[in-house]
1. From a point 7 Å beyond the Cα of residue 279 in the direction of its Cβ, which residues of segment 179-209 have a backbone N at a distance under 20 Å?
2. Cα to Cα, under 14 Å, and not fewer than 8 places away if on the same chain: which aspartates and glutamates meet these conditions relative to residue 141?
3. For labels at residue 347 and residue 448 in the simple 7 Å Cα→Cβ model, what's the distance in nm?
4. For the chain, what are the DSSP H helices with axial Cα length of 15 Å or more and mean Kyte-Doolittle hydropathy of at least -0.5?
5. Given the Cα-Cα distance of residue 306 and residue 168 and 0.36 nm per residue of separation, how much length would full extension add, in nm?
6. For the chain, what does the accessible surface come to per residue with a 1.4 Å probe? Please give it in Å².
7. In a shell of Cβ-Cβ distance under 14 Å around residue 244, excluding residue 244 itself, what net charge do Lys and Arg (+1) and Asp and Glu (-1) give?
8. Can you compute the modelled spin-label distance between residue 134 and residue 175, with each label point 7 Å from Cα toward Cβ, in nm?
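The values are calculated or read from the model by the stated rules, or taken from the named source; none is laboratory data. No experiment lies behind these values; they were computed from the predicted model shown. Cβ: placed from backbone, ideal geometry, glycine included. Neighbour counts: every protein chain shown. Just the protein is used for accessible areas: all its heavy atoms, side chains included, with ligands, DNA and RNA removed. Shrake-Rupley method; radii C 1.70, N 1.55, O 1.52, S 1.80 Å.
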Amino acid sequence: MLGRSGSARSRHVRSVGSASETGSLGPSSALRWPWPGPRGSDSDHTNVYVQEALQELEYPLRLQKLLLTPQREFHVELVITLDSGEVAAFNAYRVQHDNSRGPFKGGFRYHPNADLSDARSLASLMTWKSAVLNVPFGGAKGGVCCDPSQLSERELERLTRRLVQALKGVMGPLVDIPGPEISAGSRLMSYFFDEMSKYKGFAPACVTGKPLALHGSYGREYATGRGVVLAARELLKAEHAGRLAGKEFVIQGFGNVGSWAARLLHMQGAKVTAVSDSSGGLYNEAGLDVHALITHMKAKPPFGGHMSSFPGGRHIPLEQLPTIPCDVFVPAATANLVTPEMARALECKFVVEGANGPTTPEGDLVLRERGIPILPDILSSGGGVVVSFFEWVQNLQNFRWEEEEVNRRLDRHISDAFAAINRERTQRRITYRKAAYSVALQEVMRAHLNRGFD
């Protein structure tokens with residue numbers, strides 16, 4: 001295994017370079033406003049935000065290096081037999097960033113663009129997200145470079161079981177707990193649990209995001225979307241902007257997070273005027289019928305399944321979505337979509353991030369200059385992490401909570417986390433994002449120091 005200062009002895013483990021105590025920690029360490037241009041990788045973008053908070057906290061370089069350096073990184077080749085009889089190999093990655101506050105936690109992303117940089121960024125994000133939400137987990141993330149749409153259900157099962165076989169030695173209920181991610185839902189988590197049970201015995205806590213019938217938790221399916229709604233509620237309250245009811249929302253992305261956020265906002269009396277997916281946008285000034293739209297999207301063509309065939313709104317190109325006036329804009333699609341160009345076009349009063357890393361540092365700077373408050377992803381997209389923690393606790397106890405208890409506890413976690421961020425923001429006179437990262441960094445550093453780091 002590879003520790004923070006160890007060296008790689010296997011092709012499956014990557015050694016992480018270190019910085020000198022008096023030098024730079026990387027290309028983003030000396031934060032300058034404005035940034036000269038795109039930093040490149042997702043991990044660079046995450047580190048920009050982290051290092052901005054580190055400068056606010058005035059931590060010395062040795063502590064910055066401790067917080068920024070992943071503990072371990074794994075790269076494995078997964079070789080499976082396809083249904084056609086051909087043999088195929090897939091690259092898979094796992095980055096375990098920090099476990100000072102508890103076991104590593106983070107999903108596996110099945111996506112054609114999954115790579116090590118993506119895993120590093122999201123593993124770091126999970127560390128700060130768990131800390132700011134007061135969940136006793138560390139941060140990890142993984143990816144399998146594949147196109148799930150081109151693989152059969154049996155092939156995905158073989159791939160998932162092979163993934164468990166390759167990484168079983170560094171994962172487990174008290175070590176590293178995966179969860180669902182893009183194109184890796186409850187079905188694949190079931191395969192993960194079943195395969196891991198061959199090596200760990202009965203251990204439902206080895207993975208979260210399982211179906212309810214297989215030791216899953218109530219509320220997990222809509223947890224991230226509910227977290228977005230709760231975070232938006234707290235933001236509006238803190239900014240003296242009133243309640244959710246009557247507010248106009250524009251949601252970019254209509255997958256699990258976006259669709260559940262829209263549904264729950266609609267139930268709270270908010271008006272969702274526009275949504276989008278990869279095919280285009282949909283706009284209704286009077287408010288979309290969210291329930292009808294969700295039903296339509298679940299139907300099969302030609303009666304549904306596509307946003308363009310929904311009759312309850314005007315179809316608009318994707319680039320027009322940010323220009324629609326609203327109270328709150330929710331980017332709930334993929335990373336790095338809120339660029340400087342989009343940030344300049346936005347016609348909203350607030351931004352509540354529903355996806356992981358949706359705003360580039362350059363886009364973030366434009367929004368700051370325009371005076372548009374941004375509630376960062378490490379809080380607002382953290383509902384799934386919190387309810388994954390609840391599922392893990394229930395699995396360890398072999399006792400299931402009622403749905404009302406899950407939702408009540410999630411509400412408490414989100415509201416308490418927002419209160420801590422808002423106190424930090426007010427005391428230091430900084431942005432919500434910088435305050436959130438400051439709170440998270442202090443929590444993680446406190447854990448390291450209490451465990452004996454000097």
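1. 183
2. Once the sequence-local aspartates and glutamates are set aside, what remains near residue 141 is 42, 73, 98, 115, 118, 176, 181.
3. Between residue 347 and residue 448, the label points sit 4.6 nm apart.
4. Details: long enough: 42-57 (23 Å, -0.79); 116-132 (24 Å, 0.36); 153-167 (21 Å, -0.77); 186-200 (20 Å, -0.74); 223-238 (22 Å, 0.57); 256-267 (17 Å, 0.33); 383-397 (21 Å, 0.65); 403-428 (38 Å, -1.46); 432-450 (27 Å, -0.26).
Qualifying helices, which must be both long enough and hydrophobic enough, are 116-132, 223-238, 256-267, 383-397, 432-450.
5. Working: separation 138, 0.36 × 138 = 49.68 nm, distance 3.95 nm.
Here the answer is 45.7 nm.
6. Numbers: 18780 Å² over 454 residues.
In whole numbers, the chain has 41 Å² accessible per residue.
7. Working: positive: 226, 233, 237, 243, 247, 263, 271, 349; negative: 234, 239, 248, 327, 411.
Surrounding charge for residue 244 is +3.
8. 3.1 nm
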